[in-house]
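Read the structure below first, then the notes.
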Amino acid sequence: MPPVIDKTKCIGCGTCAEICNSSLFVFNREKDKYPQVKFPEECWHCDSCVLDCPTKAISLRVPLAYSLMHVDASSIHENK
């Protein structure tokens, strides 16, 4: 799931577009007031844009499958 930009907080600095390893943001300062997420399927959910945004205007919606914790079945012991 792509990052979400809160336009009430975004100042249009372009940090997210500069820092994104996947280049999923497109930001043309002459035409756009805010960066746009143009390639949402390319998001790796690395959290770089969220961490580096100076106004905390970006949030990530991490897919459920990415947020589930993996537990090795051999490490689970039954209490008898």
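The values are calculated or read from the model by the stated rules, or taken from the named source; none is laboratory data. Quantities reported herein were computed from a predicted structural model and do not represent experimental measurements. All Cβ positions, even for glycine, are placed from backbone atoms using ideal geometry, and neighbour counts span all protein chains on display. For accessibility, only protein heavy atoms count, side chains too; no ligands or nucleic acids. Shrake-Rupley method; radii C 1.70, N 1.55, O 1.52, S 1.80 Å.
Protein-only accessible surface at a 1.4 angstrom probe places the residues 60, 24 in the order 60, 24, largest first.
Measuring only protein heavy atoms, the 1.4 Å probe finds residue 56 accessible over about 120 Å². Site pair residue 21 and residue 61 shows an inter-label distance of 2.3 nm when each label is modelled 7 Å from Cα along Cα→Cβ.
Between residue 45 and residue 9, the simple spin-label model (points 7 angstrom out along Cα→Cβ) gives 1.9 nm.
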